[in-house]
1. Take Leu174 and tell me if it is over 30 Å from Thr77 (Cα atoms), touching a helix residue (DSSP H, G or I) at 6+ places or on another chain (Cβ under 8 Å) and without any contact (Cβ under 8 Å) to a residue 12 or more places away in the chain.
2. Which ones in segment 238-275 are in a loop (DSSP other than H, G, I, E, B) and among the charged types (D, E, K, R)?
3. Mind listing just one residue for me: the one in segment 55-95 that is within 21 Å of the chain's Cα centre (by Cα) and part of a helix (DSSP H, G or I) and, of those, nearest to Leu276 (Cα to Cα)?
4. Give Thr53, Thr6 a once-over and let me know the one that is closer than 20 Å to Arg141 by Cβ, in contact with a strand residue (DSSP E or B) (Cβ under 6 Å, 6 or more places away or on another chain) and surrounded by 11 or more Cβ atoms within 10 Å (Cβ to Cβ).
5. If you scan segment 217-237, which residues turn out to be out of contact with any Leu (no Cβ under 9 Å at 6 or more places or on another chain) and either modelled with pLDDT under 95 or not in a helix (DSSP H, G or I) (or both)?
6. On the given criteria, is Gly125 on the phi > 0 side of the Ramachandran plot and surrounded by fewer than 14 Cβ atoms within 10 Å (Cβ to Cβ)?
7. Please find, within segment 98-122, the residue that is farthest from Arg23 (Cα to Cα) out of those that are among the charged types (D, E, K, R) and crowded, with 23+ Cβ neighbours inside 10 Å.
8. Tell me, which residue of segment 71-97 that is closer than 12 Å to Leu280 by Cβ and of a type in the set (Gly, Ala, Ser) is surrounded by the fewest Cβ atoms within 10 Å (Cβ to Cβ)?
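The values are calculated or read from the model by the stated rules, or taken from the named source; none is laboratory data. Every value quoted in this text rests on a predicted model; they were computed, and no experiment measured them. FYI the Cβ positions are ideal-geometry reconstructions off the backbone, even for glycines, and counts take in every protein chain you see.
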Amino acid sequence: MESPNTPQVKRLITQALAEDMSRKDVTTNALIPGAEKGKALITAKARGIIAGTEITKQVFLKVDPKLEVIFLIKDGTEVKPGDAIARIEGKTSSILKAERVALNFLQHLSGIASETARYVRAVKGLPVLITDTRKTTPGLRTLEKYAVLVGGGKNHRMHLADGILIKDNHIAVLRRRGLSIKEIIAKARQKAPPELKIEIEVKTPEEALQSADAGVNIIMLDNMSLEDMRQAVQLIKGRALVEASGGITLESIRAVAETGVDLISIGALTHSSKALDISLELD
């Protein structure tokens, strides 16, 4: 995970607390004496994988550096309802002002880790990797992709400068100029930094074959049927890594993996994972 002390993560914490107007919590300011001390316990209310303990801790400390925040488990730990996750001691008002923002990070990232783990378990025993995509919440990509790693998945491109991915819209523009798949790949190789791998998105086994013949590094099979995926894998013959993508669910992922692809990318890991139910209760 990117350290919670980096400028980017510090800004995220500051922005989240400012959005919640934590220091102007009129309810807590009206009802809870500033000097009152308390203890709180963060517990799981559902089964899942915990991710985001460090940023959660830093939220509490940003509100009040004198709070004692002790996480009882590490990221990657599987929890069940009732399991204790962390203990916080210090000013009651500080705990209450930080509670929602801290839990928002912890629940969201733990939800992504938990969903990723479900996909990874679904293909257990098969030689395939589960990866994320760039379909992330604006501003939270680094954290969300970290949560995918915690859940046992792998990261695809972090950003647009992280690798060549020739998608359908790139191909459409270049085909209007008369370029073939082979020529498009050659153009990318000629103009891209040499250390970057080149991936191309294809929609048919024939396009997959053309891409393999052109020496591309990774071939993404976009929204193909299982039969077309199997055919594409056979045509590629190990000359490139093969990635399946598009509309793949927990119910269908095992069958997709059994076609022989090397990677399966799931946008839903980051854009649709349900937050893990976690609560904070004061003693």
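1. For Leu174, the condition - over 30 Å from Thr77 (Cα atoms), touching a helix residue (DSSP H, G or I) at 6+ places or on another chain (Cβ under 8 Å) and without any contact (Cβ under 8 Å) to a residue 12 or more places away in the chain - is not met.
2. Passing the criteria: Arg239, Glu251, Glu258, Asp262, Lys274.
3. Taking the candidates together, the pick is Thr56.
4. Criteria check complete, one pass: Thr53.
5. Within segment 217-237, Leu221, Asp222, Asn223, Met224, Ser225, Lys237 qualify.
6. When the stated conditions are applied, Gly125 passes them.
7. Once the filter is applied, the top-ranked residue is Glu115.
8. That would be Ala84.
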